[in-house]
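*Asks:* Submitted below is the structure of interest, expressed as structure tokens.
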Amino acid sequence: MELPHNLGNRVGILGGTFDPVHNGHLAVAEAVRQALALSSILFVPAFLPPHKPTYAISPFVHRTAMLELAVVDRTGFYVSRLEAEREGPSYSIDTLRTLKHALGKNVHLFFIIGMDAFAEVFTWKEQSGLLDHASFAVVGRLDHCRQSCGQTVAANFPGYTFVEALGSWQGEPNHGAIHPVAMAPIMVSSTEIREATRQGKTIRHLVPATVADYIEFHGLYR
């Protein structure tokens with residue numbers, strides 16, 4: 001597995017289907033990087049998303065190529081193809097375990113996740129072990145990010161308490177923290193982009209220009 005050599009020691013991990021990557025994904029990554037003073041963001045496209053078994057997903061090569069185009073001129077943003085190297089579904093616990101082993105104990109990982117997905121963390125594979133490998137950066141709305149995050153923490157991560165001075169939930173030593181990151185909602189989705197493309201509408205206000213060009217050239221979502 002090849003990884004960039006200059007990721008630094010505070011690395012955000014943003015996984016997803018990215019079918020396609022859009023301006024919302026990039027805005028979330030930048031908001032978390034600034035909020036938590038991260039050295040870099042590593043985008044990890046899922047090869048086989050376990051929560052979308054019936055979804056007609058675009059080929060991994062296209063989704064990854066669009067991601068690489070989207071981040072090529074953004075300092076500190078990188079893409080990893082590691083999930084294509086494994087067989088079977090792309091479980092977050094496996095990705096975090098692999099990255100932690102590859103990057104070493106001196107690198108602190110921050111797993112970036114939206115509030116809706118975090119609320120369903122109890123359905124994830126080995127959810128109790130996720131914080132052995134990384135901290136969480138939970139992105140939610142400005143008006144109730146901390147409250148909603150706290151409800152999920154209380155229900156799924158006993159022993160974690162909110163430390164006001166750190167702005168996060170803290171558990172046992174050597175385990176990851178849970179950081180709420182509040183930001184204004186971004187009204188864009190990959191589903192909307194695919195449907196707009198199918199209908200022949202412009203998507204250039206929703207994705208980077210290079211991604212729009214790629215979608216048009218390859219006839220994706222038609």
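The values are calculated or read from the model by the stated rules, or taken from the named source; none is laboratory data. As the structure is a computational prediction, the values presented were derived from the model and not from experiment. Neighbour counts are summed over all protein chains in view; Cβ atoms, including those assigned to glycine, are modelled from backbone coordinates with ideal geometry.
*Asks:* Among the residues of segment 34-48, which ones are surrounded by fewer than 21 Cβ atoms within 10 Å (Cβ to Cβ) and either part of a helix (DSSP H, G or I) or not aliphatic (A, V, I, L, M) (or both)?
*Replies:* If the condition is that a residue be surrounded by fewer than 21 Cβ atoms within 10 Å (Cβ to Cβ) and either part of a helix (DSSP H, G or I) or not aliphatic (A, V, I, L, M) (or both), then Gln34, Ala35, Ser39, Ser40, Phe47 are the ones that fit.
*Asks:* Only one of (1) crowded, with 16+ Cβ neighbours inside 10 Å; (2) modelled with pLDDT of 95 or more; (3) on the phi > 0 side of the Ramachandran plot fails for Asp19. Which number is that?
*Replies:* So the condition that Asp19 fails would be (3).
*Asks:* Can I ask one more? Only one of (1) touching a residue at least 40 places away in the same chain (Cβ under 8 Å); (2) more than 24 Å from Val11 (Cα to Cα); (3) not hydrophobic (A, V, I, L, M, F, W, C) is not met by Gln151, so which one is it?
*Replies:* (1)
*Asks:* So which of Thr202, Thr210, Thr191 is among the polar types (S, T, N, Q), free of Cβ contacts under 8 Å to residues at least 60 places away in the same chain and outside any loop (DSSP other than H, G, I, E, B)?
*Replies:* Going through Thr202, Thr210, Thr191 in turn, the sole match is Thr191.
*Asks:* Something else: State the number of residues belonging to segment 131-155 that are crowded, with 18+ Cβ neighbours inside 10 Å, over 16 Å from the mean Cα position of the chain (by Cα) and among the polar types (S, T, N, Q).
*Replies:* 2
*Asks:* Let me ask you something else. What are the residues in segment 103-133 that are under 22 Å from Gln147 (Cα atoms), outside any helix (DSSP H, G or I) and touching a residue at least 24 places away in the same chain (Cβ under 8 Å), if any?
*Replies:* Phe110, Phe111, Ile112, Ile113, Gly114, Ala119, Trp124
*Asks:* Go through segment 93-115 and count every residue that is closer than 16 Å to Gly15 by Cα, crowded, with 16+ Cβ neighbours inside 10 Å and either in contact with a Ser or Thr (Cβ under 8 Å, 6 or more places away or on another chain) or not acidic (Asp, Glu) (or both).
*Replies:* Qualifying residue count, segment 93-115: 13.
*Asks:* Is it the case that segment 116-130 has a residue that's surrounded by fewer than 15 Cβ atoms within 10 Å (Cβ to Cβ), of a type in the set (D, E, K, R) and on the phi > 0 side of the Ramachandran plot?
*Replies:* yes
*Asks:* When you go through (1) crowded, with 17+ Cβ neighbours inside 10 Å; (2) under 22 Å from Tyr160 (Cα atoms) one by one for Met66, which number turns out not to apply?
*Replies:* (2)
*Asks:* While we're looking at this one, here's another question. Take the conditions within 22 Å of Gly16 (Cβ to Cβ), more than 14 Å from the chain's Cα centre (by Cα) and among the small types (Gly, Ala, Ser) and apply them to Gly171. Does it pass?
*Replies:* It is false that Gly171 is within 22 Å of Gly16 (Cβ to Cβ), more than 14 Å from the chain's Cα centre (by Cα) and among the small types (Gly, Ala, Ser).
*Asks:* In the set Val32, Val21, Val11, which member is of a type in the set (A, V, I, L, M), within 15 Å of Glu68 (Cα to Cα) and touching a Phe, Trp or Tyr at 6+ places or on another chain (Cβ under 8 Å)?
*Replies:* Val21
*Asks:* Something else: Does segment 21-39 contain any residue that is of a type in the set (Val, Ile, Thr) and over 15 Å from the mean Cα position of the chain (by Cα)?
*Replies:* No, the conditions are met nowhere in segment 21-39.
*Asks:* Oh, and also: With respect to the numbered conditions (1) farther than 19 Å from Ser190 by Cβ; (2) surrounded by fewer than 22 Cβ atoms within 10 Å (Cβ to Cβ); (3) of a type outside the set (Asp, Glu); (4) at pLDDT 95 or above, which one is the sole condition not fulfilled by Gly12?
*Replies:* It is condition (2) that Gly12 fails.
*Asks:* Further question on the same structure: Restrict the check to segment 22-32 and report whether at least one residue is out of contact with any helix residue (DSSP H, G or I) (no Cβ under 6 Å at 6 or more places or on another chain), modelled with pLDDT under 95 and surrounded by fewer than 19 Cβ atoms within 10 Å (Cβ to Cβ).
*Replies:* Checking segment 22-32: not a single residue is out of contact with any helix residue (DSSP H, G or I) (no Cβ under 6 Å at 6 or more places or on another chain), modelled with pLDDT under 95 and surrounded by fewer than 19 Cβ atoms within 10 Å (Cβ to Cβ).
*Asks:* Continuing with this model, one more query. For segment 85-100, give me the residue count where each residue is in a helix (DSSP H, G or I) and at pLDDT below 85.
*Replies:* 1
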